[in-house]
Amino acid sequence: MDLLNTLVEKGLRREPPTREEALAVLATSDDELLDVVAAAGRVRRQWFGRRVKLNYLVNLKSGLCPEDCSYCSQRLGSKAEILKYTWLKPHEASEAAAAGVAGGAKRVCLVASGRGPTDRDVDRVSKTIEAIKEQNEDVEVCACLGLLSAGQAERLRDAGADAYNHNLNTSEGTYGDITTTHTYADRVDTVHQAQAAGLSACSGLIAGMGEADEDLVDVVFSLRELDPDSVPVNFLIPFEGTPLAKEWNLTPQRCLRILAMVRFVCPDVEVRLAGGREVHLRSMQPLALPLVHSIFLGDYLTSEGQAGKADLDMIADAGFEVEGAGTATLPEHRERGGCGSVCGSGSGSAAGAATEQPVEPVEPADEAPAARTDLVTVRRRGAGTDLAPNA
């Protein structure tokens, strides 16, 4: 396909596709799927080889959130039967993190429900970061605490945090349909605060919330312009008891097309396969490894993932290797501070559209199958419980 050859050439140059090309990736047929995966895989290998970075989630505070994000099982008014508990003590969080590190995780992500941290919360998380670093000096720590206030990012950095996560989740145009208690601009501002403080920015999306292809392309181009170091791609887990419980819009094939599109738009960024991969990719999970460079090991915040041993076996069986602590995650040009003027063209890629060959329209993919609610399993182990995690 001329489209895929063009996208590979651009990805190897760190040049963005046009919006039309990104949309065309999402519209490819199932017959073309392996060609799409192979093409995006060439770009992934150029910048990340066959390494897979492992990340591990620790839910510091679960449930009882005052925000109304429709996709979230911890939201205001959620009737999902998830674990609910207040802040873990630093030693409890450190013990939970140690399980992930023992399983091969290079980064520990500390997450807390809520609109954003108070100054007292930042003190509490700072002590947790210090406790984790004392046990595992080389581990990366990413905090995900919601909207930040002035000075909080700097305090987390000083405590030893390496990164801060705050996802855009969906396009600016549809954000108000998903959340009303804060704005898209609030999220962008928090990512900017993290970057200004010298933290590695992590920001991604959630696919499968009923959005159009145009919305997916919008949010991915916005992420490229924002220029985070890592982009988690989540697939909606439709928890019973949330407004999006009936939104089963994804097939394994569509998930792979989305991951490929993200890789083409963000060729040299740590694209992370995140929540929902077991639910929606199912037996096709190994086909995602040529597209992403990073996955979560074990369970998620409020849902169970597959066993950590199964994750490690999958990586090895697919011919990939776990990224070690002594290996730099990002390509050298990003480690030195960003991706430069070529990558920085961001969503302005339409300015060069006049020089591109026209992309032929492709028939949209088939409709999604019936819901598989049996695939959603609430987390009952690990952080906040007396049971061991599955890492």
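What follows draws every value from the coordinates through simple rules; no lab data is involved. None of these values were measured; they are calculated from a predicted model. Glycine gets a Cβ as well: all are built from the backbone with ideal geometry, and neighbour counts include every protein chain shown.
Remarks
- Dipole moment magnitude, nearest 20 debye, the chain about Cα centre, only Lys, Arg, Asp, Glu C-beta charged: 1040
- Global geometry of region 118-171, whether rounded, prolate or oblate, following the gyration tensor of its Cα atoms and the 1.5 cut on a/c: oblate
- Cα-based radius of gyration of the chain once divided by 2.2 N^0.38 Å, which approximates compact folds: 0.92
- Cα gyration tensor, region 11-84 - rounded (a/c under 1.5), prolate or oblate: prolate
- Spacing of the two label points (7 Å from each Cα toward its C-beta) at K89 and E214, in nm: 5.5
- Using only side-chain charges placed at the Cβ, +1 for Lys and Arg and -1 for Asp and Glu, the dipole size of region 44-188 relative to its Cα centre rounds to 520 debye.
- Considering only S94, G319, W47, the residue lying farthest towards the positive end of the dipole of the chain is S94, judged by Cα position with unit charges set on Cβ.
- Alpha carbon centroid spacing (whole Å) that separates region 280-317 from region 5-58: 18
- Were the residues from D189 through R50 laid out at 0.36 nm apart, the gain over their Cα-Cα distance would be 46.7 nm.
- Region 28-137: C-alpha gyration tensor shape, a/c 1.5 cut-off, then a/b vs b/c: oblate
- Rounded to the nearest 500, the helix-only mean residue ellipticity at 222 nm of the chain stands at -10500 deg cm²/dmol, with each DSSP H run of n ≥ 4 adding -39,500 (n - 2.57).
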